[in-house]
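Engineer: Please see the structure below; I have some questions.
The values are calculated or read from the model by the stated rules, or taken from the named source; none is laboratory data. Treat the numbers as computed from the prediction; the structure is a model and nothing was measured. Backbone-built Cβ (ideal geometry, glycine too); neighbour counts: all protein chains shown. Please note that ligands, DNA and RNA were not included when accessible areas were found on the heavy atoms of the full protein model with its side chains. Shrake-Rupley method; radii C 1.70, N 1.55, O 1.52, S 1.80 Å.
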Amino acid sequence: MSKPRLVLIGNGMAGVRTIEELLKIKPDHYDITIFGAEPHPNYNRILLSPVLAGEMTIQEIVLNELDWYKENGITLHTGKQITKIDRVKRKVIADDGTEESYDRLLVATGSTPFMLPIPGNDLPGVIGYRDIKDTDEMIETARLHKHAVVIGGGLLGLEAANGLKLRGMDVTVVHIGPWLLERQLDEVAGKMLQKSLEDKGLKFLLQKQTEMLVQGESGRVAAVRFKDGMQIPADLVVMAAGIRPNYALAEKSGIYCNRGIVVNDTMQTYDPKVYAVGECVSHRGIAYGLVAPLFEQAKVAANHLAGYGIGRYTGSVTSTKLKVTGIDLFSAGEYMGGEGTEEIVLNDPYGGVYKKLVIKDNKLIGGVMYGDTADGPWYFQLLKDKRDIHDIRDSLIFGQNLVGDVGHAGNSKAAEMADSAEVCGCNGVSKGTIVQAIKAKGLFTLDEVKKHTKAASSCGSCAGLVEQILASTIGGAYTPAALDTKPMCACTDHSHKAVREAIVARHLISKEAVFAGLEWKTPNGCDKCRPAVNYYLISSFPHEAKDDPQSRFINERAHANIQKDGTYSVVPRMWGGLTNPKELRAIADAAEKYNVPTVKVTGGQRIDLLGIKKEDLPGIWADLNAAGMVSGHAYGKSIRTVKTCVGAEHCRFGTQLAMSMGIKLEKMLFDMYSPHKVKLAVSGCPRNCAEAGIKDVGVIGVDSGYELYIGGNGGIKTEVAQFLCKVKTDEEVMEYSGAFLQLYREEGWYLERTCHYMERVGLDYIKGKILEDEEGRQAYYGRLLDSLKNARDPWESSRDEQAIKQFIPIKLEA
Amino acid sequence: MSTFKFICALDDIPQLGSRVVQRATGGDIAIFRNAEDEVFALHDKCPHKSGPLSQGIVHGRKVTCPLHGWNIGLEDGKAVAPDVGSCRNFEVKVEDGQVFLAV
């Protein structure tokens, strides 16, 4: 049976991106044919400005080489304009007579520059700014002529003006608005921008209306005349007064259009066989002219073309950066403010820095930055995440570094870093390598950079920095996903949040039910999503959902920690960090019996036996079990240790019995699985020798009771734990810390430490649940105890008949 | 000339799991079973840094190395792009619920 045919009209960024997304999720589904009016393969239109400015070459901005089309079996017709869509016979006809039938049609005809309807707008030397041809013509004109006039002081106009100036022309920008970029900037920032550009030698005529373009003796344009009678010389006029969606073809073919091809949230037009994406589209009344929304549309369209039918495009918040070297400018969201909004403004006209943040209901809804835009991506992320900013409001305007670069955020100096600077310490990846991969391979997402360079693919602490490098390398083409909508992995479009909620709401109790019910794209997930789903299942329905060992990382399957040479490390639990001669003797015996090469004291107050062969694990466990010891879970996304100081038991300063408190907590939490590892500490006095300030739950004894701290982290990024409350009794310590941990177990996303969870939901939210709602707290505590009521030592249960098989190798005689 | 040797019953390998076959010479072989009960055999050594592939998570027709997360195709032993490398694969067959390996 032959494959259905998909025809794409428009070989540009939005259309080809849709094809790429489609090939990613359902390769070989369609016979694909692409028509492009330009004689080039798909290139990055956004980077035409750097080409004009002489900073890049055409070759460098090509996104898909001709080989790419060939490799993917795509028929490409360049230089052919489609003149007719025959929707009855389902075929398209090009200007040279080429015909192609379709089963599905994707229209991505983009936009055209708006040519002012004034006399002379068709003279030689008058052009729009849209494609490679226009760019070539500008470069050529700059070689032969002197005076250029750019009509339109928007992004495109300013980039064109800057490029022409760099090519040696005398450039005047004519703008009808009261200040430049009035659609992206407020008046202050607009004026600052104008000043900087004037310093670069550009001239501006604001609030000027063009009356006509005057023809010279040579036949080409010679001057621009304004309504007030003024006239200036012009050998080249670039019309950059806006773009218009190019929907003439669709409209002529009877597809409903209204200032763009009208599509629904699945990017389908009124003809169900015809989809449309990109600048030619009108979605909920908006036609987008920036690239980020187009990529979001592409993803949705691809999903529906693939027949999966999930995902909706619901519109985009956009951000803007001007690509003029030496000028830093960023704006996003509702930057003008208005009723019900508050503004935080930093204005340093002499230093050339201006920042304005617009806030509504404690959330950032827009902002403008000029001069110092390093924090732009961070603000944009806050805006997209709709993060409650009231706790960082007082230092928000000073940027991420002053707020404290929190958790996995990374810092914001990506653009200034040297190429040789190491970004990913785990995999030794420098900034230069990342930038090169982004450019050479046309990468657009964090995931792609991870796959190609390995940066941010291990501990992940540099993910924020990598995202910023992406943003600064590809500019507006970068779309950071909002945290709570970022897909879990390539197997699904659903986020951790959505999957977790669906499991609870739909009472799903097996991974098969999750994969089927949420339309997973792979038959049984991958190493990223399966452990997460398994955790969500067993934490949501502890006695109902069955743990799936094959969905766990090897450490949690083998109950030991895999080492670089494939051997394992074994750490017996020492409750509260306490041990005794009998245990130590058993450890010493085991170390000798199994020829353990390395014995080490860990940071969590216990002893690590390293270099044990997998087949020896059940034996060493049996020996340690016999001496009364159990698994220390030193390998799991689970309770690790409760570190203690000697406390009032021995210490002359101690106020509380830290060891006894620690042991009680550790026994309560034994065998607790969680989104990520969990460490506790109990100190007997504020000298805090157990270092409770960097633990997920830290308990510090004071004379009148205990202080509880939560969300600390001593790992990748040191985070100081936050004060939660003060309690009087040991029972309260257990109830409050147990309730907090259960809250985290129920709401944390897989691989999210308590500090990241807390950063996401806010300390106030946690206080509301744990301190202000007594019944709620007791319910959380109750659910924790209930889910741990059947806790069993995994070292013991792993020696059951079925479970032990994995440890026994099959010997093959030679 | 390699010959098929009996290894174990299919049910001795967990679905989406593996077993290790130790040879007197030539290194360990990992035998995998996926959700569709297809069985594959690879040299138990990741082309990246020699991690034991038998200890990885099996999904579809791939296994993820436990050490640094490379994905290796179970059919051909080739690393999934953009990683590059391959490890040796072995012929394996299932007859009447019994697994045989060509060595």
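Engineer: Taking a threshold of 30 Å on the Cα-Cα distance, which of the pairs A:Lys600/A:Lys664; A:Lys200/A:Lys439; A:Lys450/A:Lys613; A:Lys360/A:Lys726; A:Lys454/A:Lys637 fall above it?
Structural biologist: Violating the 30 Å limit, Cα to Cα: A:Lys450/A:Lys613; A:Lys360/A:Lys726.
Engineer: How high is the relative contact order of segment A:328-404, in percent, with contacts defined as C-alpha pairs under 8 Å that are six or more residues apart?
Structural biologist: 30
Engineer: Continuing with this model, one more query. Over chain A, what is the percentage of antiparallel beta bridges among all DSSP beta bridges, to the nearest 5?
Structural biologist: 60
Engineer: Can you grab the distance from the C-alpha centre of segment A:514-538 to the C-alpha centre of segment A:728-797, Å, no decimals?
Structural biologist: Segment A:514-538 and segment A:728-797 have Cα centres spaced 24 Å from each other.
Engineer: Still on this structure, please answer the following. Please identify every one of the GluC sites (Glu not before Pro) in segment A:1-91 that sits in a loop by DSSP and has no more than 15 other beta carbons within 10 Å of its own beta carbon.
Structural biologist: Within segment A:1-91, the qualifying GluC sites (Glu not before Pro) (loop, at most 15 other Cβ atoms within 10 Å) are A:Glu55, A:Glu65.
Engineer: Same structure, new question: Using θ = phi - 60° and the Karplus relation 6.51 cos²θ - 1.76 cosθ + 1.60, list the HN-Hα couplings for segment A:731-746 in order, rounded to whole Hz, with x at every Gly or Pro.
Structural biologist: Computed from phi, the couplings for segment A:731-746 are 4, 5, 4, 5, 5, 5, 6, x, 5, 4, 5, 5, 4, 5, 5, 8 Hz.
Engineer: Taking 2.2 N^0.38 Å as the expected size of a compact globular protein, what ratio does the Cα radius of gyration of the protein assembly as shown give against it, to two decimals?
Structural biologist: Expressed relative to 2.2 N^0.38 Å, the Cα Rg reads 1.09.
Engineer: Let me ask something else. Just to confirm the filter: which trypsin sites (Lys or Arg not before Pro) across segment A:488-525 are DSSP coil and have at most 14 other Cβ within 10 angstrom of their Cβ?
Structural biologist: Answer by residue number: A:Arg506.
Engineer: Per the helix-only calculation at 222 nm, which mean residue ellipticity applies to the protein assembly as shown, given -39500 (n - 2.57) for every DSSP H run of n ≥ 4 and division by its residues, nearest 500 deg cm²/dmol?
Structural biologist: -8000 deg cm²/dmol
Engineer: Got a number for the accessible area of A:Glu422? Probe 1.4 Å, square angstrom, nearest 10.
Structural biologist: For A:Glu422, the solvent-accessible surface is approximately 120 Å².
Engineer: What is the local net charge at B:Arg61, summed over the other residues whose Cβ is closer than 14 Å to its Cβ (Lys, Arg +1; Asp, Glu -1)?
Structural biologist: -3
Engineer: To continue, here is another question. Note the angle between two axes, namely the Cα long axis of helix A:463-474 and the longest principal axis of the Cα atoms of chain A, as a number of degrees from 0 to 90, rounded to the nearest 10.
Structural biologist: Its long axis makes an angle of about 10 degrees.
Engineer: Next up: Do any trypsin sites (Lys or Arg not before Pro) in segment A:548-582 lie in a DSSP loop with no more than 16 other beta carbon atoms within 10 Å, and if so, which?
Structural biologist: A:Lys564
Engineer: Taking the Cα of A:Arg585, stepping 7 Å toward and past its beta carbon, and measuring to each backbone N in segment A:614-637: which are under 20 Å?
Structural biologist: Residues passing the 20 Å test: A:620-630.
Engineer: Grab the alpha carbons of segment A:715-814, take their convex hull, and tell me the volume per residue in Å³.
Structural biologist: About 172 Å³ per residue, rounded to a whole number.
Engineer: Hey, what's the per residue convex hull volume over the C-alpha atoms of segment A:291-404, in cubic angstrom?
Structural biologist: Hull volume over Cα atoms, normalised by residue count, gives 132 Å³.
Engineer: Excluding B:Pro14 itself, calculate the net charge of residues whose Cβ lies under 11 Å from the Cβ of B:Pro14, where each Lys or Arg counts +1 and each Asp or Glu counts -1.
Structural biologist: Result for the neighbourhood of B:Pro14: +1.
Engineer: Hey, any idea what % of the protein assembly as shown's accessible area is carbon plus sulfur with a 1.4 Å probe?
Structural biologist: Reported share for carbon and sulfur atoms: 50 percent.
Engineer: What does the convex hull of the Cα atoms come to per residue for chain B, in Å³?
Structural biologist: With only Cα atoms used, chain B gives 90 Å³ per residue.
Engineer: Right, another one. Roughly what angle does helix A:376-385 make with the longest principal axis of chain A, taking Cα atoms, 0 to 90 degrees, to the nearest 10?
Structural biologist: Helix A:376-385 sits at roughly 70 degrees to that axis.
Engineer: If you count only protein heavy atoms with a 1.4 Å probe, what accessible area per residue comes out for chain A, rounded to a whole Å²?
Structural biologist: 42
Engineer: Amide H of A:Ile810: which non-local residues (sequence gap of 5 or more, or other chain) have their own amide H closer than 5 Å, using H built in the peptide plane?
Structural biologist: Result for A:Ile810 returns B:Val20, B:Val21, B:Gln22.
Engineer: What is the antiparallel percent of DSSP beta bridges lying wholly in segment A:126-241, to the nearest 5?
Structural biologist: 35
Engineer: May I pose another question? Cβ neighbours within 10 Å, averaged per peptide: list B:16-28, B:65-77 in order, most packed at the top.
Structural biologist: B:65-77, B:16-28
Engineer: Between segment A:351-366 and segment A:579-642, what is the C-alpha centre distance in whole Å?
Structural biologist: Cα centroid of segment A:351-366 versus Cα centroid of segment A:579-642: 55 Å apart.
Engineer: Kindly tabulate the residues in segment B:20-47 with an accessible-area decrease of at least 50 Å² between the chain alone and the assembly of all protein chains, using a probe of 1.4 Å.
Structural biologist: Buried on complex formation: B:Gln22.
Engineer: Also, quick follow-up: Per-residue Cβ counts within 10 Å, from other chains only, averaged over A:549-556: what number is that?
Structural biologist: For this peptide, the per-residue mean of nearby foreign Cβ atoms is 4.
Engineer: Follow-up. Among the listed pairs A:Lys3/A:Lys70; A:Lys805/B:Lys93; A:Lys356/A:Lys497; A:Lys546/A:Lys695, which have their C-alpha atoms separated by more than 25 angstrom in this model?
Structural biologist: Over 25 Å Cα-Cα: A:Lys356/A:Lys497; A:Lys546/A:Lys695.
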